[in-house]
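I have placed the structure first, in the form of structure tokens, so that the comments after it can refer back to it.
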Amino acid sequence: MFLIVLVLLILAGIGAAIASGKGRNPWGWFALCFLFFLPAFIVLLFLPNIKKQELENSKQCPECAERVLKEAMTCKHCSYKFSGNEKIASSADKSVNESLGI
């Protein structure tokens, strides 16, 4: 019995690590993988990466370096006014994308 619980804890930890890498709540997925390992693990493998989606839907403010929605005309953090013809992908965006493997 102890061995079964130990194996489930290890597998749940693997599920939590995968969930964290996809931008999801690792503790919630740890519990789901511990209780329902196979179905939860299969669902987790097919879920999209939230971090990648957030990067695709945002741009970086050149003034304060915070991320804001692509459609934003004013930065909510520093009130920087974006012009309509600014580049969305900056060198900082590229380095973030490279670090995430996108």
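The values are calculated or read from the model by the stated rules, or taken from the named source; none is laboratory data. Keep in mind it's a predicted model, so treat the numbers as computed, not measured. Please note: Cβ atoms are built from the backbone with ideal geometry, for glycine as well, and neighbour counts cover all protein chains shown.
Is it fair to say Ser83 is of a type in the set (S, T, N, Q), surrounded by fewer than 16 Cβ atoms within 10 Å (Cβ to Cβ) and either part of a helix (DSSP H, G or I) or at pLDDT 85 or above (or both)? In short, no.
A single member of Ile18, Ile4, Ile88 is modelled with pLDDT of 90 or more and surrounded by fewer than 15 Cβ atoms within 10 Å (Cβ to Cβ), and it is Ile4. Lys52 meets all of the listed conditions (1) in a helix (DSSP H, G or I); (2) modelled with pLDDT of 90 or more; (3) over 22 Å from Val5 (Cβ atoms) but one, namely (2). Please work out if Glu63 is modelled with pLDDT under 90 and assigned to a helix (DSSP H, G or I). For Glu63, the condition - modelled with pLDDT under 90 and assigned to a helix (DSSP H, G or I) - is not met. Among the residues examined, Lys22 does not qualify as touching a residue at least 24 places away in the same chain (Cβ under 8 Å) and touching a Ser or Thr at 6+ places or on another chain (Cβ under 9 Å). If you go through the range 21-51 and keep only what is under 30 Å from Ala65 (Cα atoms) and loosely packed, with under 15 Cβ neighbours inside 10 Å, you end up with Gly21, Asn25, Trp27, Leu47, Pro48, Ile50. Just one residue in the set Ala40, Ala31 is touching a Gly at 6+ places or on another chain (Cβ under 7 Å) and modelled with pLDDT of 85 or more; that residue is Ala40.
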